[in-house]
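**Q** For reference, the structure I am asking about is given below.
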Amino acid sequence: MRYQIAPLFVRPWTINGMTPRLIESHYENNYGGAFARLNAIAEELAALDPEKTPAHVVARLKQEEMAALNSTLLHELYFASLGGDGRAVPEAMASALARDFGSVSRWRQEFVALANALANGCGWVLLTWLPRDGRLINQTVSDTSPGIAGGIPILALDMYEHAYQIDFGTNAAAYVATFMRNIEWNAVAGRYEDATAVKPPRPLVQKEFGDLPSVTIDEVKAMLQAGEPVQVIDTRPRHYTTRAQDIVEGAVWRDPERVDDWIGELSKETPVVTFCVYGFHIGCQTAATLRNAGFDARYMAGGHYAWKAAQGPVKPFDPAALS
Ligand SMILES: [Fe+2]
């Protein structure tokens, strides 16, 4: 594809403390340079045959494409982040910052700290909306540290030296303070509104037992830690468990094929949590069987492996439990 150049968004003469010369040079040489590289790389990629080109050549071009594409996208965002008075944060934006950072001033302190940390380096500082988590987050991005996957940047500060050297020399801190005084918050708030309209990725739901009540790893951990009465049953299949090294601490293993043999040990007064290896089937099936028998049973989503991946405590599995 052929990329299109974006006109300069900010009016250079409105920026308090930065000269039009700096902005013009930045737009023409650095944004323009990235834009020209991007189109040249896109042409090269379109022209090559990936099957006949050495893999390292394809990989290098794709790396350069990412760098040039990020540079054009973030420069466009940078020039669209300037032109305001830096102070008048619209109400919706201010409350979003307060929700996710504690307060606007705490957000500002973290953002400025990230920028000052790049004083002798290079990179971008971004305020980014993360649809999966429904929150704003500050991040540093460079050619070697990519942006958060799925994040939508709404404010960008360019910390490459070319962004300030003409006006500020090496005084990056003065440049950062000047940037903060010129943020165009209305534009940021507009991008925030658009970003929050983006749907989060669809949740990973196992449809098969969709109606069956489940508990999360964190909920089970909290119940065990608080000493709440709960009956935690490991129902990994016998053939699997003969190879098992460990078991969730606080759980007992019971054979899912022989529920009738052990169901009488359980109390109907106390909640039951069942789980299996990955949380797909057997733990759910056992929970369903117990619920039909009148128990307050739920299955632990993700099973044994999610428990371990979440650093839940385990203990060695005693093979005597199998007999
Ligand atoms: Fe730049």
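**Q** Picking from Val277, Val259, which residue would you name as being assigned to a helix (DSSP H, G or I) and touching a residue at least 24 places away in the same chain (Cβ under 8 Å)?
**A** Numbers: Val277 fails: assigned to a helix (DSSP H, G or I).
One residue alone meets the criteria, Val259.
For (1) in a strand (DSSP E or B); (2) more than 23 Å from Ala197 (Cα to Cα); (3) of a type in the set (Gly, Ala, Ser), each residue gets a yes or a no:
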{"residue": "Gln63", "(1), (2), (3)": "no, yes, no"}
{"residue": "Asp85", "(1), (2), (3)": "no, yes, no"}
{"residue": "Val89", "(1), (2), (3)": "no, no, no"}
{"residue": "Ala94", "(1), (2), (3)": "no, no, yes"}
{"residue": "Phe111", "(1), (2), (3)": "no, yes, no"}
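**Q** Which is without any contact (Cβ under 8 Å) to a residue 24 or more places away in the chain and either under 18 Å from Arg291 (Cβ atoms) or in a loop (DSSP other than H, G, I, E, B) (or both), of Leu212, Leu204?
**A** Values: Leu212 fails: without any contact (Cβ under 8 Å) to a residue 24 or more places away in the chain.
The conditions single out Leu204.
**Q** Sticking with this one: Is it fair to say Thr270 is among the polar types (S, T, N, Q) and either under 29 Å from Pro203 (Cα atoms) or free of Cβ contacts under 8 Å to residues at least 24 places away in the same chain (or both)?
**A** It is false that Thr270 is among the polar types (S, T, N, Q) and either under 29 Å from Pro203 (Cα atoms) or free of Cβ contacts under 8 Å to residues at least 24 places away in the same chain (or both).
**Q** Scan region 136-160 residue by residue and report those that are loosely packed, with under 14 Cβ neighbours inside 10 Å and more than 16 Å from the ligand (Cβ to nearest atom).
**A** Of region 136-160, the ones loosely packed, with under 14 Cβ neighbours inside 10 Å are 143-146, 149.
Matches in region 136-160: Thr144, Ser145, Pro146, Ala149.
**Q** Would you check which residues across region 113-126 are of a type outside the set (Gly, Ala, Ser) and assigned to a helix (DSSP H, G or I) and list them? Explain how you work it out, then say what you get.
**A** Here is the first cut: in region 113-126, the residues of a type outside the set (Gly, Ala, Ser) are 114, 116, 118, 120, 122, 124-126.
Leu114, Asn116 - these are the residues of region 113-126 that are of a type outside the set (Gly, Ala, Ser) and assigned to a helix (DSSP H, G or I).
**Q** How many residues does region 178-190 hold that are touching a residue at least 12 places away in the same chain (Cβ under 8 Å) and either of a type in the set (Lys, Arg) or part of a helix (DSSP H, G or I) (or both)?
**A** If we filter region 178-190 for residues that are touching a residue at least 12 places away in the same chain (Cβ under 8 Å), which is where we start, we get 178-189.
Subset that is either of a type in the set (Lys, Arg) or part of a helix (DSSP H, G or I) (or both): 178-181, 185-189.
The number of residues fulfilling the criteria is 9.
**Q** Which residues, taken from region 209-234, are under 22 Å from Gln311 (Cβ atoms) and of a type in the set (S, T, N, Q)? Working first, answer last.
**A** Step one: filter region 209-234 for residues under 22 Å from Gln311 (Cβ atoms), giving 214-228, 230, 232-234.
Matches in region 209-234: Ser214, Thr216, Gln225.
**Q** Quick one: Gly32 ticks every box in (1) within 16 Å of the ligand (Cβ to nearest atom); (2) under 23 Å from Thr128 (Cα atoms); (3) of a type in the set (Gly, Ala, Ser) except a single one, so which number is it?
**A** Status for Gly32: all satisfied but (2).
**Q** Considering only region 191-198, I want to know if a residue exists there that is outside any helix (DSSP H, G or I), modelled with pLDDT of 95 or more and of a type in the set (Gly, Ala, Ser). It would help to see each step written out before you state the result.
**A** Step one: filter region 191-198 for residues outside any helix (DSSP H, G or I), giving 197-198.
Applying the additional criterion that residues be modelled with pLDDT of 95 or more yields 197-198.
Still in the list and also of a type in the set (Gly, Ala, Ser): 197.
Yes, some residue in region 191-198 is outside any helix (DSSP H, G or I), modelled with pLDDT of 95 or more and of a type in the set (Gly, Ala, Ser).
**Q** For residues in region 161-174 being part of a helix (DSSP H, G or I) and free of Cβ contacts under 8 Å to residues at least 24 places away in the same chain, which is surrounded by the fewest Cβ atoms within 10 Å (Cβ to Cβ)? Steps first, answer last, please.
**A** We begin by selecting, within region 161-174, every residue part of a helix (DSSP H, G or I); these are 161-163, 165-168, 172-174.
Applying the additional criterion that residues be free of Cβ contacts under 8 Å to residues at least 24 places away in the same chain yields 165, 168, 174.
Values: Gln165: 16, Phe168: 19, Ala174: 14.
The residue in question is Ala174.
**Q** Inspect all residues belonging to region 286-309 and state whether any of them is among the charged types (D, E, K, R), touching a strand residue (DSSP E or B) at 6+ places or on another chain (Cβ under 9 Å) and crowded, with 19+ Cβ neighbours inside 10 Å.
**A** If we filter region 286-309 for residues that are among the charged types (D, E, K, R), which is where we start, we get 291, 296, 298, 308.
Narrowing the set further to residues that are touching a strand residue (DSSP E or B) at 6+ places or on another chain (Cβ under 9 Å) leaves 291, 296, 298, 308.
Next cut, crowded, with 19+ Cβ neighbours inside 10 Å only: 298.
The answer is yes, given that some residue of region 286-309 is among the charged types (D, E, K, R), touching a strand residue (DSSP E or B) at 6+ places or on another chain (Cβ under 9 Å) and crowded, with 19+ Cβ neighbours inside 10 Å.
**Q** Can you find even one residue in region 100-108 that is more than 21 Å from the chain's Cα centre (by Cα) and assigned to a helix (DSSP H, G or I)?
**A** Looking through region 100-108, at least one residue is more than 21 Å from the chain's Cα centre (by Cα) and assigned to a helix (DSSP H, G or I).
**Q** Restricted to region 227-256, and to residues that are in contact with a helix residue (DSSP H, G or I) (Cβ under 7 Å, 6 or more places away or on another chain) and in a loop (DSSP other than H, G, I, E, B), which residue is surrounded by the most Cβ atoms within 10 Å (Cβ to Cβ)?
**A** Of everything passing the filter in region 227-256, Thr235 is surrounded by the most Cβ atoms within 10 Å (Cβ to Cβ).
**Q** As an exercise: evaluate Leu74 against (1) within 26 Å of Met1 (Cα to Cα); (2) more than 16 Å from the ligand (Cβ to nearest atom); (3) not acidic (Asp, Glu) and give the number of the one condition it does not meet.
**A** (2) is the only condition that Leu74 fails.
**Q** Only residues that are at pLDDT below 95 and either on the phi > 0 side of the Ramachandran plot or within 16 Å of the ligand (Cβ to nearest atom) (or both): list them for region 84-105, please.
**A** Of everything in region 84-105, just one residue is at pLDDT below 95 and either on the phi > 0 side of the Ramachandran plot or within 16 Å of the ligand (Cβ to nearest atom) (or both), namely Gly86.
**Q** Also: For Glu24, state whether it is without any contact (Cβ under 8 Å) to a residue 24 or more places away in the chain, over 29 Å from the mean Cα position of the chain (by Cα), under 17 Å from Met159 (Cα atoms) and surrounded by 12 or more Cβ atoms within 10 Å (Cβ to Cβ). Steps first, please.
**A** Values: without any contact (Cβ under 8 Å) to a residue 24 or more places away in the chain: yes; over 29 Å from the mean Cα position of the chain (by Cα): yes; under 17 Å from Met159 (Cα atoms): yes; surrounded by 12 or more Cβ atoms within 10 Å (Cβ to Cβ): yes.
Yes.
**Q** Considering each of Asn120, Asn70, Asn116 in turn, give the residue that is of a type outside the set (A, V, I, L, M, F, W, C), loosely packed, with under 12 Cβ neighbours inside 10 Å and at negative phi.
**A** Numbers: Asn70 fails: loosely packed, with under 12 Cβ neighbours inside 10 Å; Asn116 fails: loosely packed, with under 12 Cβ neighbours inside 10 Å.
When all the criteria are applied, what remains is Asn120.
The values are calculated or read from the model by the stated rules, or taken from the named source; none is laboratory data. Quick caveat: nothing in here was measured; it's all calculated off a predicted structure. Cβ atoms come from the backbone with ideal geometry, glycine included; neighbour counts cover every protein chain shown.
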